[in-house]
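Q: Before I ask anything, here is the structure I am working with.
The values are calculated or read from the model by the stated rules, or taken from the named source; none is laboratory data. Just so you know, these numbers come straight off a predicted model, no measurement behind them. FYI the Cβ positions are ideal-geometry reconstructions off the backbone, even for glycines, and counts take in every protein chain you see.
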Amino acid sequence: MKRIALSVLGAVLLCNAVGAGDFSLNLLAAYYPPNLGGYQSSGFAPINYTYIEGQEPPSALRSLGSTWGGAEAKAVLSYTHSTPFLAGPGLMANNAVTGKGSLELSPVSINGVGQCSLSPIAFLVFDAGAALGTGWTAGPFQGLGLNPASNDLSLQLTPFGGLVWRVWGAGTFQFDVAALFPGEWNHLVFVVTAKVEYKAYTGATDHQAWLYEADGGENFNGTKFYGTYIVGYQMPLLVNFIGFMAESEEWIDEVRNYSTMASGGWGSDFRFWQLSSLINLKLGEKDSLLLLFQFKRDRDYTDATTRNRSFETRVFEAPYWYFNRIALSYTHTF
């Protein structure tokens, strides 16, 4: 979900800064405070540094919690080129086609990403893109693997065992009150994005769960819908943007019916939500720093099944919320 958050906010803040061609470097770092995954909770899982040790197969149990939490790091080098397209007066003055190519590198993965965006009018942007990558294992950090639907089998790491690819299409509605009431203090911004993405791992078959970039291993080859909703205020200060963002994520193809909540399954039809506060600092003409504080809505399983190693053997009980992460995203434009 982080890709959506950073790309949408970037479009809001930097739409007037992209020239004929720009290179940029983005450095992302995040800290994930630990919790017990909804175990013995009542709707909210507080930050908890207690560690409940798991059990090896057979009848494996997963560990809950951590004594330190989790971390994420990624570097993204991008080139963006924008060309005027069907430009005209008024709302069509900034019409353009924008192409963007990126190389993403994390401690356990590498990805190549390409995207094309069309802005036919000031308040609409349409995107289409594709990405290709692979992963490896680095010490305790897991980049790529298969996640068997059994508590008697461990996660099967498959470093460089195939390619993870995805294609997507998205539409964004964006509106700035300053377009109606000009003024540097009148930038009240609204952004709504709908995105449909198909994602697959060449080393996995249908109905086979897999892990990528240490994400928990609950992926399937299939299609998801992502929604992103932002309201914010942009101003001519060091802190040049503050805002609120809501994001949703859910399966929309056959994966949605694999193990539904109503059938006593693990919740393949569950809709995840993330709520974030956003603060952006403009550190000069070419540098910015985004701070994100995020809560997440996830699945709470029955206490009898929540420790099962395979998520496909757990039973959904209710949703719960927890504090998900603190993230920093630094961007430099060359």
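Q: Residues in segment 83-96: is at least one modelled with pLDDT of 95 or more and touching a helix residue (DSSP H, G or I) at 6+ places or on another chain (Cβ under 9 Å)?
A: Checking segment 83-96: not a single residue is modelled with pLDDT of 95 or more and touching a helix residue (DSSP H, G or I) at 6+ places or on another chain (Cβ under 9 Å).
Q: Please list, ordered by first then second residue, the pairs with beta carbon atoms under 9 Å, 6 or more apart or interchain, first in segment 183-212 and free of Cβ contacts under 8 Å to residues at least 12 places away in the same chain, second β-branched (Val, Ile, Thr).
A: Cβ pairs passing all conditions: ASN186/VAL177.
Q: Could we say that LYS224 is free of Cβ contacts under 8 Å to residues at least 60 places away in the same chain, under 28 Å from ALA170 (Cα atoms) and surrounded by 18 or more Cβ atoms within 10 Å (Cβ to Cβ) here?
A: Against the criterion (free of Cβ contacts under 8 Å to residues at least 60 places away in the same chain, under 28 Å from ALA170 (Cα atoms) and surrounded by 18 or more Cβ atoms within 10 Å (Cβ to Cβ)), LYS224 qualifies.
Q: Could you list all residues from segment 291-329 that are outside any strand (DSSP E or B) and among the polar types (S, T, N, Q)?
A: THR302, THR305, THR306, SER310, THR313, listed by residue number.
Q: How about segment 229-281: which of its residues are within 21 Å of the chain's Cα centre (by Cα) and either β-branched (Val, Ile, Thr) or modelled with pLDDT under 95 (or both)?
A: Matches in segment 229-281: ILE230, VAL231, ILE242, ILE252, VAL255, ILE279.
Q: If we scan segment 107-115, do we find a residue that is under 30 Å from LEU86 (Cα atoms), at pLDDT 95 or above, small (Gly, Ala, Ser) and surrounded by 15 or more Cβ atoms within 10 Å (Cβ to Cβ)?
A: no
Q: When segment 256-286 is examined, which residues are found to be more than 24 Å from PHE44 (Cα to Cα) and part of a strand (DSSP E or B)?
A: The answer is ILE279, ASN280, LEU281, LYS282.
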